[in-house]
Each structure stands twice: as C-alpha cells, then as structure tokens.
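The values are calculated or read from the model by the stated rules, or taken from the named source; none is laboratory data. Note that this is a predicted model, so its numbers are computed, not measured. Cβ sites come from the backbone with ideal geometry, for glycine too, and all protein chains shown count toward neighbours.
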Amino acid sequence: MELWARRKALAKVDENRGKILNLIQDLVRVPSVDGQEKNAQMLVADRFKELGLKPDVWEPRVEELKSHPAYIDVPWGYEGRPNVVARLKGTGGGRSIILNGHIDVVSPEPLSAWTHPPWEAKVVGDRIYGRGALDMKSGIAALTYAVQSLQEAGVELKGDVILESVIEEEAGGPGGTLATILRGYKADAAVLVEPSGVERINITSTGVCWFRVKVTGKTAHAARTQQGVNAITKAMKIHQALLDLDEYRAKTKHYPLAEKYSDRSCNINVGVIRGGDWPSTVAGWAELECRVGWQVIEKMEDVKRQVEEQVRKAAELDPWMRDHPPQIEWYGWNAEASETSPKAPVVGALQRNGREVLGKEPEIVGSTGANDSRFYVLYANTPAVCYGPSGQGGHGLDEYVQVESVIQVTKVLALTLMDWCGMEKG
C-alpha cells in the first residue's frame, strides 16, 4: 500500500507539471515587492481554497509585534499586507509540519537591463524568467502542488500540514513568519521552500545587521574648498576601513558548512553612500549604509563591537575625525544567526526522499544569507531548514528558475509529507 501510494503521488506530480508551471507564471506576473504583496497573496489564498482549505488571511498588528525581541521597524505598515496560512488537518496521531514560502520580492530595477521583462514570466527551454521566479514563487507553487498531488492520489495524512505564504522576508521584518508564530501556527518541524538548489538542504540562517555610519565635515563655498572639510572624502577612509575588516573576517571566520555554498562564510557590504547637497558646496555630511553578516560561530554583540572598533580606529588616524568622530547607527535588519542540527529528523526525511527522487542524497550546507528559518529555531523551538528549487539571478538581473528542479522539489516535499506525517492505510 505504501509503495503504491508513493508511486501514485509521484505520478500525480508529473501530471500536474503544466499546472505547476502556470502557477509560477501567474505569481510572477503579479508584482509583489515589499509593501505591495496583497494582490499576489489573494491569488495564493484562492489557490489554497481550491485545495479545499480555509485560508486564514490577516494583517499583522504592530502593537503585538513590537513586544518581541526580533521586532524591527519597516517603512510600509501592515494595512493591505496580509499573510496567508492554511491548515490541512490530519486524521490524528502523526507529526505536524509547516511548509513556508515568502511572497515578497526585491525590486527588479533597472528594468531596462533585463533580457526578459521581469514581470512577464517568459518560458525559455527549461527556465522561467522573472522577478521572484526563483526567490521564491516557484517554491510556493511546489508546496501547493505537493499537497494537491497527495490529495489527487488519495493519500490521507495523519499529521497536520500548515501551508504559509508570508510577507516581508526580504526586508527582515517580523510581520511575516514571526507573525504566524505569534498567531499560534506551530508544528514539529518546518521546511522553507527557499531556493537552496534541489541538491542541497540548507540548515542555517546567517546573522545579519544593517548599520549606518554618519560622517561630519565642514561646509564652505566650492571656490574656497580649502576652508572646508569634505565629509565625502573623510567617508572614503571609513569605507576602506570596512573593506579591510571584510577581508580580515573572510580570512579568520571560517564556517565549513557555509563554505560549501560560497567561497567565504561572512561578508560586509557597503551598499549605499550619499553625501552633500550642492555641487558648489563642500560636503558637510556623508553617510554609508552597510550590511554585516556572520555565522553561528559568532554572536551579534561581538560582531557589532568589532565593526564599531574598526570605525573608531579609522577615525583616530584622521585629525578631523578624531575631533569629530563618526556616529554609528544600527537600524533595519537585526537578525541573530541560527542553525538546525544536521541530525534533526526532518533533515533525514528530506535526504531520504531526495535520494529517491534525484538518485543521490542532497548535500547539507549552510548559507551566507539570512532567511526566516531563524524565527522557528530561535523563537519557536522548531527545527527548520530550507529546501527549494535551482536557478540563478535571485536579487539580480534575468532571474530564472529551472522548471525540472521545481518538479523534483514538489516530489520530494510530497514524499516527505507522507513519511513525516504518516499515512492512513486505505
């Protein structure tokens, strides 16, 4: 019976191939950058209804989120930005699981640089191009059809399956996955369908903080630049100091799991530099906005202290900045690093079923980026991992997902639900 059910479930996924592709395209064609997720979420809610489920569609409440240690401010508010969660109720006696995906995407600008328009969802060979095709609307299609294929195969699960489509993961905000936890959605394990690559299971979330360095100069007329102090010029010294720290950390902070995924475990990025307000005025101010990442081998407070010390040392070498020290402001992303044990049962379940579908066991890796698994691990005592499709261009130009990898992920998820939740014997 079990072998028959597994084969039938896999066959149903294959039969649904065209529908899976269509759902990815439908989702990509609805722009859902942070702050504008509603229309795409309504599409997901309607799709969950087609599964015979009753989706819980609600807007997070800032008052509730503010009391949590993981809270950060986001600029959009939560009106018109709902989460969508649906529960497939089991018959009882099995383990429960959450399948989680985020609907929000980053900006596709500059639009003119794309070969295929980012909201067109064009199919080229085995690829679907578009913003969010890989990160991560294809994952939402996979979790949807993992459940639908089991239903069509006549499989009844003993444990509950909770399907989640959440907002604002890209901004690191609490209104998505954390809000679902605070609403009471918890399970024995969670799988986030982030694009790990079908041959990888990511068991970590990188620690991430954003910081702003404010440098003060002295304004003067451009015809008398020697009477002023150009804050932009001074900021370049801070910029170089941060680049030096980045290189030092890359050489000294090694975390082997992450280095399977990347050539380094941690990064500092200077993402924004701005300064001055008039071409004929010596710039009296400058700002650098940056991101620092780290692994579970470090703590947030230690990383922050290291950044602050590097900025202080650079300022001490400059007579002006010694007397007018730059100010550091920590803002936005404020995420501690997390890790699920590689021996966690949910990891083993994905590996076994990955081997069945792919012909080889998916490799356990770590990430150099943050993801929502940290909310489950740190605040819900729930083992959580990322397993999703393959592709390229996430957060970049010409983002695409490999269709075959989506089919494979859907199959692995379907088999994992059968193993994890248990099946009723019919």
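Q392: modelled with pLDDT of 95 or more and closer than 21 Å to N267 by Cβ, yes or no?
Yes.
Could you tell me which numbered condition S67 fails, if it satisfies all but one of (1) at pLDDT 95 or above; (2) of a type in the set (G, A, S); (3) over 17 Å from V33 (Cβ atoms); (4) out of contact with any strand residue (DSSP E or B) (no Cβ under 6 Å at 6 or more places or on another chain)?
So S67 meets the others, but not (1).
Does G184 satisfy being surrounded by fewer than 24 Cβ atoms within 10 Å (Cβ to Cβ) and more than 25 Å from the chain's Cα centre (by Cα)?
Details: surrounded by fewer than 24 Cβ atoms within 10 Å (Cβ to Cβ): yes; more than 25 Å from the chain's Cα centre (by Cα): no.
Answer is no for this residue.
Which residue, of T368, T382, T410, T340, is in contact with a Phe, Trp or Tyr (Cβ under 8 Å, 6 or more places away or on another chain), crowded, with 24+ Cβ neighbours inside 10 Å and either assigned by TED's automatic domain parsing to the domain that holds L288 or polar (S, T, N, Q) (or both)?
Checking each option against the conditions leaves just T410.
Among residues belonging to the range 70-107 that are at pLDDT 95 or above and acidic (D, E), point out the one that is surrounded by the most Cβ atoms within 10 Å (Cβ to Cβ).
D104
Only residues that are in a helix (DSSP H, G or I) and over 19 Å from the mean Cα position of the chain (by Cα): list them for the range 254-299, please.
The one that is in a helix (DSSP H, G or I) and over 19 Å from the mean Cα position of the chain (by Cα): P256.
What single numbered condition from (1) closer than 26 Å to V123 by Cβ; (2) under 18 Å from the mean Cα position of the chain (by Cα); (3) hydroxyl-bearing (S, T, Y) fails to hold for S405?
Result: S405 fails condition (2) only.
Would you mind telling me which numbered condition in (1) closer than 30 Å to V85 by Cβ; (2) touching a Lys or Arg at 6+ places or on another chain (Cβ under 7 Å) A179 fails?
Result: A179 passes all but (2).
In the range 205-248, which residues are without any contact (Cβ under 8 Å) to a residue 24 or more places away in the chain and basic (K, R)?
R224
Report every pair of residues separated by at least 6 positions or lying on different chains whose Cβ atoms are under 9 Å apart, first residue within the range 270-286 and assigned by TED's automatic domain parsing to the domain that holds I238 and over 27 Å from D244 (Cβ atoms), second of a type in the set (A, V, I, L, M, F, W, C) and surrounded by fewer than 11 Cβ atoms within 10 Å (Cβ to Cβ).
Close Cβ pairs (under 9 Å, with a partner that is of a type in the set (A, V, I, L, M, F, W, C) and surrounded by fewer than 11 Cβ atoms within 10 Å (Cβ to Cβ)) amount to S280/A223.
For the range 63-72, does any single residue satisfy the condition of being more than 20 Å from the chain's Cα centre (by Cα), in a helix (DSSP H, G or I) and in contact (Cβ under 8 Å) with a residue 60 or more places away in the chain?
The answer is yes, given that some residue of the range 63-72 is more than 20 Å from the chain's Cα centre (by Cα), in a helix (DSSP H, G or I) and in contact (Cβ under 8 Å) with a residue 60 or more places away in the chain.
Here is a check on your reading of the model: is G130 at pLDDT below 95 and either crowded, with 18+ Cβ neighbours inside 10 Å or over 24 Å from A258 (Cβ atoms) (or both)?
So G130 fails the test.
Is it true that some residue in the range 308-319 is outside any helix (DSSP H, G or I) and modelled with pLDDT of 95 or more?
Among the residues of the range 308-319, at least one is outside any helix (DSSP H, G or I) and modelled with pLDDT of 95 or more, which makes the answer yes.
So, in the range 34-58, exactly how many residues are surrounded by fewer than 16 Cβ atoms within 10 Å (Cβ to Cβ), in contact with a Lys or Arg (Cβ under 9 Å, 6 or more places away or on another chain) and not basic (K, R)?
Going through the range 34-58 one residue at a time, the tally reaches 1.
Among the residues of the range 143-181, write down those that are β-branched (V, I, T) and surrounded by 24 or more Cβ atoms within 10 Å (Cβ to Cβ).
T144, V147, V161, V166, I167, T177, T180, listed by residue number.
For the range 285-295, check the following and say yes or no: at least one residue is surrounded by fewer than 15 Cβ atoms within 10 Å (Cβ to Cβ), at pLDDT 95 or above and basic (K, R).
Initially, the range 285-295 is screened for residues surrounded by fewer than 15 Cβ atoms within 10 Å (Cβ to Cβ), giving none.
Within the range 285-295, none of the residues are surrounded by fewer than 15 Cβ atoms within 10 Å (Cβ to Cβ), at pLDDT 95 or above and basic (K, R).
Criterion first (over 24 Å from A142 (Cα atoms), in the same structural domain as Y248 (by TED's automatic domain parsing) and out of contact with any Pro (no Cβ under 9 Å at 6 or more places or on another chain)) does E308 satisfy it?
Answer is yes for this residue.
With the checklist (1) more than 18 Å from Q25 (Cβ to Cβ); (2) part of a loop (DSSP other than H, G, I, E, B) in hand, flag the one item E120 doesn't pass.
Here E120 meets the rest and fails (1).
Counting only residues that are touching a helix residue (DSSP H, G or I) at 6+ places or on another chain (Cβ under 7 Å), of a type outside the set (S, T, N, Q) and either within 20 Å of D56 (Cα to Cα) or part of a strand (DSSP E or B) (or both), how many does the range 146-166 have?
7
Report, ordered by the first and then the second residue, all pairs with beta carbons closer than 9 Å, sequence separation of six or more or different chains, a first member in the range 89-117 that is at positive phi, and a second member that is not hydrophobic (A, V, I, L, M, F, W, C).
G92/K158; G92/G159; G93/K158; G93/G159; G93/G422
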